[in-house]
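Can you read through this structure? Questions will come right after.
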Amino acid sequence: MMEPIASHGMFRPRRIESRPEWSDPDGIKVYTISARNEVVDQAPYFKRLEEVKSLKPVAWASTPAFVVFHDGASCRYLVLGWWGNDNELFTSVSVNTESGWVEDGSRYSFCVYDLEVFWQERNYFIQFLDCPLPDLDRYRATRFSHRTFC
């Protein structure tokens with residue numbers, strides 16, 4: 001578990017990063033978000049990502065997808081998004097609680113910070129896949145990143 005940080009009840013920009021070499025073996029793009037504006041240790045997330053993928057009937061190697069490893073204010077969140085049915089974004093949110101990783105859509109969801117990545121990924125999907133000449137490799141190579149230090 002992470003040590004909670006004080007919430008001031010208002011939006012504060014967070015560090016969002018991704019690099020072309022940050023992918024899982026199936027080509028899923030990896031993003032990180034940090035409430036503390038620190039580098040996110042990705043290791044604790046990869047095992048959970050494999051578990052989540054194994055539970056979904058998706059051909060991951062040929063599916064456009066991205067994942068957010070989010071060190072939140074009080075917990076670690078793994079937000080997996082993948083495109084299907086022509087132009088629909090499917091999502092899975094896992095939270096690392098005191099009892100381990102949990103996926104429960106009635107209790108946990110993505111947040112306003114994750115939506116920044118979703119918006120960029122929506123634009124990349126339109127630019128590289130929902131177009132006359134779809135190119136999965138170009139989609140996977142295109143990343144969004146910014147560092148904000150408050």
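A short reminder: the numbers here are calculations on the coordinates, not readings from a lab. Given the structure is predicted, the values throughout are model-derived calculations rather than measurements.
³J(HN,Hα) across the range 129-144 via Karplus (A = 6.51, B = -1.76, C = 1.60, θ = phi - 60°), whole Hz, x for Gly/Pro?
Once θ is set to phi - 60°, the couplings for the range 129-144 become 10, 8, 8, x, 10, x, 9, 4, 5, 5, 4, 5, 7, 8, 10, 10 Hz.
Another question, then. Please work out which option in (1) 18.5, 68; (2) 15.1, 48; (3) 18.5, 55 gives Rg and Dmax of the Cα atoms in Å calculated from these coordinates, and answer with its label.
(2)
On a straight-distance basis, which aspartates and glutamates could pair with K53 in a cross-link, Cα separation under 13 angstrom, same-chain partners fewer than 8 positions away excluded?
Excluding near neighbours in sequence, the set is D24, D26, E103.
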